[in-house]
Structure formats: C-alpha cells, structure tokens
1. What residue among PRO110, PRO21, PRO47 has the largest mean-square fluctuation in a Gaussian network model of the chain, using Cα springs under 10 Å?
2. TRP19: accessible area at probe 1.4 Å, nearest 10 Å²?
3. Per residue, how much accessible area does the range 52-121 show when a 1.4 Å probe rolls over the protein heavy atoms, in square angstrom?
4. If the only charges are +1 at each Lys and Arg Cβ and -1 at each Asp and Glu Cβ, what is the size of the charge dipole of the chain around the Cα centre, to the nearest 20 debye?
5. In terms of solvent-accessible area of protein heavy atoms at a 1.4 angstrom probe, what is the ranking of ASP48, ASP78, ASP42, highest value first?
6. Once the dipole of the chain is set up with Lys and Arg at +1 and Asp and Glu at -1 on Cβ about the Cα centre, which of LEU118, HIS57, ILE3 lies farthest towards its positive end?
7. Run lengths n ≥ 4 of DSSP H only: what is the helix-derived mean residue ellipticity at 222 nm for the chain, with -39500 (n - 2.57) per run over all residues, to the nearest 500?
8. Using a 1.4 angstrom probe with every protein chain in place, what is the largest-first accessible-area order of PHE64, PHE91, PHE116?
Amino acid sequence: MSIELWSLLIASVMVASLWIPFIVGVNMHLPATEELGLRPPDLRLLPDWVQRANRAHLNLVEQFVPFAALVLVAQLADTSSVVTQWACIAFVGLRIAHALGYITAWTRIPARPVIFTLAWIALLVLAIEIARLSLA
C-alpha cells in the first residue's frame, strides 16, 4: 500500500475516533441542570477541554474531506512522488499535533492556527503536485 493510502488510513482512524475525548468529557462533566440523554448538551456548561475536544473533532472533519478526496484522486490518476508522499505525511503529523494541542490547550494562538495553516498548505502542495504529475 502506498504512503499516501497509509496516510489516509491513519487520518481516517483519527477522524473516526476523535469524538471519544468529547463524549468522555460530556459523560464525566454533564451538569446536574442538564437532562440525561439530551443531546447535544449545552457546551457552555462543560469544562473548556471538553469544548476544545468537540472543536478539534469538527476541525479535523473540515480538513479530512479534501485530504481524502486528494489522496483518492492521486491514486486514481496513478500519481505518486516524493512530494505527494511528504505532503501526506506532513498533513497527518500536523493534524495529530493540532488535535492533541487543541484538546490539551498546549497550542495556543498563534501556534494552533499556524499548525492548521501548515496542514492546509500540505493539502495545496498535494493538489498542485497531483495536477503537475497529471499534466506531465
């Protein structure tokens, strides 16, 4: 399996699992004023880390869709290079750092937006390289 597909596999597991910290946090800290089973809970009543966990998951979903599409296009177009491989590795690594940093509040402004932007740049590099290889 290609590095690009391995990266997609890792990102897929990550996006499929990043809801877990949020749900754990909700169940640990559901305010007494909230009705059990009422979903979604009022995030304002939950600890900051639970709110950040929710936002980290939603944020990854936003970037996962274009990443998955680009990797699949690269595979269908039979385009792979050192650039596409490193763009995929960078994307996954940056998204892991972003999620961990976001939930734990380790990364604050400007670090978190910088990490997000670097992952977006990795997507652009991947798209440009796919287009370049396809036109060659």
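1. Judging by the Gaussian network model, the answer is PRO110.
2. Counting only protein heavy atoms, the figure is 120 Å².
3. On the way: 3620 Å² over 70 residues.
On a per-residue basis, 52 Å².
4. On the way: 8 positive and 8 negative charges, 57 e Å.
Once rounded to the nearest 20, the dipole reads 280 debye.
5. Working: ASP48 100, ASP78 140, ASP42 45 Å².
Ranking ASP48, ASP78, ASP42 by accessible area, largest first, yields ASP78, ASP48, ASP42.
6. LEU118
7. -26000 deg cm²/dmol, from helical runs alone.
8. PHE116, PHE64, PHE91
The values are calculated or read from the model by the stated rules, or taken from the named source; none is laboratory data. What you see is a predicted model; the values in this text were computed from it and never measured. Methodologically, a virtual Cβ is constructed for each residue, glycine included, from the backbone with ideal geometry; neighbour enumeration extends over all protein chains shown. The area values use the complete protein model at the heavy-atom level, side chains included, leaving out ligands, DNA and RNA. Shrake-Rupley method; radii C 1.70, N 1.55, O 1.52, S 1.80 Å.
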